[in-house]
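**Q** Here it is, the structure, as structure tokens.
The values are calculated or read from the model by the stated rules, or taken from the named source; none is laboratory data. Source: prediction; values computed, not measured. Glycine also receives a Cβ, built like all others from the backbone with ideal geometry; neighbour counts cover every protein chain displayed. We work out accessible area using only protein heavy atoms, side chains counted, and drop any ligands, DNA or RNA first. Shrake-Rupley method; radii C 1.70, N 1.55, O 1.52, S 1.80 Å.
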Amino acid sequence: MTDVNIIHESNNEDGLSREVLMNLGPQHPSTHGVLRLLLQMDGEIVKRIEPHIGLLHRGTEKLCESFTYTQIFPLTDRLDYLCQPSNNLGYALAVEALLDIKAPERAQYIRVLMAELSRISGHLLITGALPMDVGAITTLLYTMRDREMIMDLMEMISGARMHTSFCRVGGVREDLPEGCVERIIEFCDIFEQRITDYEDLVGNNRVFLARVENVGNITGEDAIALGLSGPCLRASGVDWDIRRDAPYEIYDRLDFNVIVRADGDCYDRWKCRVDEMVESLKMIRQCVAQMQPGPFLIADPKIAFPVNKDLLAHSMEAQIHHFKLAAEGFKVPKGEVYTAIEAPKGELGFYIISDGTEKPFRVKIRAPSFVNLQALTDRTTNMKYLADVIAMIGSLDPVMKEVDK
Amino acid sequence: MQDPFPLANIIDNFNGRVSVAANVTDMPCVIVNPQDLVELCLFLRDNEMFKFNFMADIGGVDFYPNLPRYQLVYHLYSISLGWRLRIKCPLDEPPTAPTITHLWTTANWHEREAYDMFGIVFEGHPDLRRIYMWQEFEGWPMRRDFPLRGYKDKYNPFGAERPGEGKSPIGDIL
């Protein structure tokens with residue numbers, strides 16, 4: 001926090017109060033990355049908040065226009081870097097809708113499995129990071145320990161800890177490796193017992209509660225007008241989850257509850273995520289139980305590489321398809337599509353316009369963090385003090401890479 | 001099973017000022033002129049039949065060199081009824097559109113983004129500034145005629161030459 005400027009000397013006779021303009025961030029740890037806030041302060045009371053974003057702007061949408069459809073997967077990884085499989089899934093669904101294909105059933109299970117694992121990973125971070133922002137560092141150490149197990153699973157499945165890029169148009173890159181399912185079940189067993197620890201650690205802590213309860217309340221109508229989605233919206237009492245209301249992939253076969261809370265304060269947004277992890281765990285168990293062996297990639301040589309690599313040594317046709325696909329990519333018919341999925345942060349939408357070539361004409365990403373962060377500027381919420389702003393940022397859970405695209 | 005979307009109701013209410021977009025299959029899609037945009041949005045938001053209370057996304061599109069060059073695309077969602085709707089609003093040069101920030105607070109940043117990336121001016125917007133790029137930045141990055149690598153300056157030695165300064169832009173090759 002630097003750059004304190006006096007912007008308004010009070011004309012009170014005592015001359016004791018004056019408003020100052022203060023920078024918060026962009027390197028402050030509680031801003032979750034490179035969020036810079038310009039705060040107009042009257043003493044400790046915040047009068048106005050002006051977020052300055054864009055310090056991580058990489059022009060993802062512009063880059064998408066010059067990449068082939070398959071090359072865009074790594075770019076989507078770098079949106080919400082805590083939950084890459086969700087981003088991959090959202091983008092893959094959009095392209096598949098344009099191509100009018102569907103991934104094989106096993107691939108859908110693997111995608112959902114990974115998306116839910118990553119949802120736990122993302123929610124774990126915020127479960128620990130919000131208490132850390134308000135002063136309780138211990139929780140973060142425990143959540144990071146458990147997050148490590150998910151990282152190991154991701155590494156086992158895809159070879160990468162964070163940027164998995166595991167989805168492909170028409171399926172996933174590889175089948176689950178041998179012994180993976182057992183590891184996932186093992187993780188579920190361990191995590192199920194630990195999940196209550198976080199609440200025991202901070203959930204009933206008086207200091208923590210004083211900092212987050214009845215702070216930054218957002219009413220249901222305000223939340224909808226602000227375009228909040230995901231746990232931020234459900235914490236305000238709006239019962240809407242895309243996984244249930246417009247099920248994609250195999251979510252309609254899974255049995256889970258949608259967590260809705262009433263108050264819409266920082267505590268509710270935090271608690272909503274903690275409870276959602278339990279639901280995600282349920283979904284992972286169901287995925288593992290329901291999953292059947294089968295193809296994991298669509299058998300269309302024009303869209304996906306052959307699963308059987310020996311084919312390339314014997315079949316001329318397979319080799320031609322492989323070469324064309326690697327060199328040029330595949331053509332997508334003209335059209336446009338908007339698909340929305342329930343990413344851990346909220347509604348992640350991909351609006352793609354195709355002009356019939358190998359590269360998209362326009363990709364518009366509806367990044368949930370970008371929209372959710374705007375709630376900071378809303379002055380109807382009861383954020384009074386500077387410390388409340390920190391709790392508010394933490395509870396909105398913005399990932400700055402997604403905000404800045 | 002969900003009821004079919006009452007698209008004809010919108011068309012009737014707006015009496016020729018709103019048309020249905022052809023060749024859009026993923027969700028109902030209507031085309032409206034910028035002068036009728038606010039009225040349409042207000043109708044869709046407050047009408048009991050639609051209840052489109054959630055503004056999901058606003059994005060600009062540049063169809064250079066085709067005309068009309070710009071288009072605004074709004075994605076609406078009705079939380080209670082589960083419908084999605086797309087509104088397209090074609091814009092001529094210079095691109096200006098009315099703001100809808102008074103209908104949905106969320107439109108504020110979306111419109112700032114469209115302004116920043118495409119140079120679409122939203123009339124009546126309370127705070128129309130660049131959101132991603134710095135305030136001194138020149139040009140509109142997401143327009144089709146803006147080079148991928150940006151224009152050459154002292155911070156960007158690999159950028160494309162500005163038009164009219166000789167040499168073909170490098171950005172066009174990549």
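**Q** Find the accessible area per residue for the range A:259-344; the probe is 1.4 Å, ligands and nucleic acids are left out, and the unit is Å². Intermediate values should be presented prior to the final figure.
**A** Values: 4170 Å² over 86 residues.
Using a 1.4 Å probe on heavy atoms only, each residue of the range A:259-344 averages 48 Å².
**Q** Find, among the GluC sites (Glu not before Pro) in the range A:162-212, those assigned to loop by DSSP (not H, G, I, E, B) with at most 11 other beta-carbon atoms within 10 angstrom.
**A** Those that pass, being in a loop and sparsely packed, are A:178.
**Q** If one computes the Cα centroid of the range A:357-405 and of the range B:63-134, what distance in Å separates the two points?
**A** A separation of 18 Å, based on Cα centres.
**Q** Taking Rh as the Kirkwood radius computed over C-alpha pairs, what is the Stokes-Einstein D of the protein assembly as shown at 4 °C in a medium of viscosity 1.567 mPa s, expressed in µm² per second?
**A** Translational diffusion coefficient: 52 µm²/s.
**Q** Just to be sure I follow the definition: excluding the sites themselves, where is the longest run in chain B that has none of the GluC sites (Glu not before Pro) in a DSSP loop with at most 12 other Cβ atoms within 10 Å? Present the calculation step by step, with values, prior to reporting the outcome.
**A** Details: sites that count: B:48, B:136, B:138, B:165.
Between the exposed loop sites, the longest stretch runs B:49-135.
**Q** Given labels modelled 7 Å from the Cα in the Cβ direction, how far is it in nm from residue A:357 to residue B:103?
**A** Those two pseudo-labels are separated by 3.4 nm.
**Q** For an R0 of 25 angstrom, estimate the FRET efficiency from the Cβ-Cβ distance between residue A:162 and residue A:190 and round to the nearest 0.05.
**A** Taking R0 as 25 Å, the efficiency between residue A:162 and residue A:190 is 0.75.
**Q** To the nearest 0.05, how large is the calculated FRET efficiency for residue B:22 and residue B:46 if R₀ is 22 Å and r is the Cβ-Cβ distance?
**A** The calculated FRET efficiency here is 0.20.
**Q** Once you place label points 7 Å from the Cα toward the Cβ at residue A:197 and residue B:9, how far apart are they in nm?
**A** Rounded to a tenth, the inter-label distance reads 5.3 nm.
**Q** Additional query: Step through the residues of the range B:125-139 one at a time and calculate ³J(HN,Hα) from phi using the Karplus curve (6.51 cos²θ - 1.76 cosθ + 1.60, θ = phi - 60°), rounding each to whole Hz and writing x for Gly and Pro.
**A** Each residue's phi maps through the Karplus curve to give 5, x, 7, 7, 10, 5, 10, 9, 7, 6, 4, 7, 4, 10, x Hz.
**Q** Using alpha carbon centroids, what distance separates the range A:122-171 and the range A:193-250, in Å?
**A** Using only Cα atoms, the two centres lie 19 Å from each other.
**Q** When you look at the Cβ of every residue in A:23-32, what mean number of other chain Cβ atoms sits within 10 Å? Walk me through the numbers on the way to the answer.
**A** On the way: counts 0, 0, 0, 0, 0, 0, 0, 0, 0, 0.
The shielding value for this peptide is 0.
**Q** Please give the charge dipole size of the range A:80-171, origin at the Cα centre, charges +1 on K and R Cβ atoms and -1 on D and E Cβ atoms. Round to the nearest 20 debye.
**A** 100 debye
**Q** Provide, in order from the shortest bin, the percent of all Cα-Cα pairs of chain B in each 5 Å bin, continuing until the bin that contains the maximum pair distance.
**A** 1, 8, 15, 18, 17, 13, 9, 7, 5, 3, 2, 0, 0
**Q** Under a straight-distance cross-link criterion of Cα-Cα below 16 Å, which aspartates and glutamates are reachable from residue A:324, leaving out those fewer than 8 residues away in the same chain?
**A** Counting by Cα, and skipping residues close in sequence, residue A:324 has these aspartates and glutamates nearby: A:300, A:358.
**Q** Using the Karplus curve 6.51 cos²θ - 1.76 cosθ + 1.60 with θ = phi - 60°, work out ³J(HN,Hα) for each residue of the range A:365-371 in order, rounded to whole Hz, and write x for Gly and Pro.
**A** Those phi angles translate into 9, 8, 8, x, 4, 4, 6 Hz.
**Q** Within the range A:124-174, report the trypsin sites (Lys or Arg not before Pro) that DSSP leaves as loop and that have at most 16 other Cβ atoms within 10 Å.
**A** Details: sites: A:145, A:147, A:161, A:168, A:173; in loops: A:161, A:173.
Passing both the DSSP loop test and the Cβ count: A:161.
**Q** Going by a ≥ b ≥ c, the root eigenvalues of the Cα gyration tensor, does the range A:79-227 fall in the rounded group (a/c under 1.5), the prolate group (a/b larger than b/c) or the oblate group?
**A** Note, shape of the range A:79-227 comes out oblate.
**Q** Taking amide H positions as placed in the peptide plane 1.01 Å from N, state which residues far from residue B:33 in sequence (5 or more) or on other chains have amide H under 5 Å from it.
**A** Correct list: empty.
**Q** Return the subset of A:102/B:88; A:271/B:51; A:302/A:401; A:62/A:359; A:359/B:154; A:282/A:401 for which the Cα-Cα distance in this structure is over 22 Å, preserving the input order.
**A** A:102/B:88; A:271/B:51; A:302/A:401; A:359/B:154; A:282/A:401
**Q** Report ³J(HN,Hα) in whole Hz for each residue of the range A:193-204, in order, from the Karplus equation J = 6.51 cos²θ - 1.76 cosθ + 1.60 where θ = phi - 60°; Gly and Pro get x.
**A** Couplings: 7, 7, 4, 6, 4, 5, 5, 5, 5, 10, x, 10 Hz.
**Q** Would you work out the charge dipole size for chain A about its Cα centre, treating the Cβ of every Lys and Arg as +1 and the Cβ of every Asp and Glu as -1, and quote it to the nearest 20 debye?
**A** It works out to roughly 940 debye.
**Q** Rounding to the nearest 20 debye, state how big the charge dipole of the range B:24-174 is about its Cα centre with +1 on each Lys and Arg Cβ and -1 on each Asp and Glu Cβ. Provide the component values of the computation, followed by the final result.
**A** Details: 16 positive and 21 negative charges, 75 e Å.
Here the size comes out at about 360 debye.
**Q** What's the buried accessible area, both sides, between B and A using a 1.4 Å probe, rounded to 100 Å²? Intermediate values should be presented prior to the final figure.
**A** Details: alone 10220 and 17210 Å², together 24000 Å².
Buried: approximately 3400 Å² between A and B.
**Q** Name the residues whose placed amide hydrogens come within less than 5 Å of the amide hydrogen of residue B:69, ignoring near sequence neighbours (fewer than 5 apart) on the same chain.
**A** B:93
**Q** Partner chain Cβ atoms within 10 Å, averaged over the residues of A:334-341 - can you pull that number for me? If you can, show how the numbers build up before the last one.
**A** Values: counts 1, 4, 11, 4, 11, 2, 5, 0.
Averaged over the peptide's residues, the number is 5.
**Q** Hey, quick one: spin label on residue A:307, modelled 7 Å out along Cα-Cβ, who in the range A:98-114 has an amide N within reach, i.e. under 17 Å?
**A** A:102-112
**Q** Within a 10 angstrom radius of each residue's Cβ in B:105-113, how many Cβ atoms of other chains show up on average? Whole number is fine.
**A** 6
**Q** Is the C-alpha gyration tensor of the range A:191-241 telling us rounded, prolate or oblate? Criteria: a/c under 1.5 is rounded; beyond that, a/b larger than b/c is prolate, otherwise oblate.
**A** Verdict is oblate for the range A:191-241.
**Q** What residues have an amide H closer than 5 Å to that of residue A:52, excluding those fewer than 5 places away on the same chain, when H is modeled at 1.01 Å from N in the peptide plane?
**A** Under 5 Å from the amide H of residue A:52 lie the amide H atoms of A:36, A:37, A:38, each far enough along the sequence or on another chain.
**Q** Using a Förster distance of 56 Å, how high is the FRET efficiency between residue B:138 and residue A:262, based on the Cβ-Cβ distance and rounded to 0.05?
**A** 0.70
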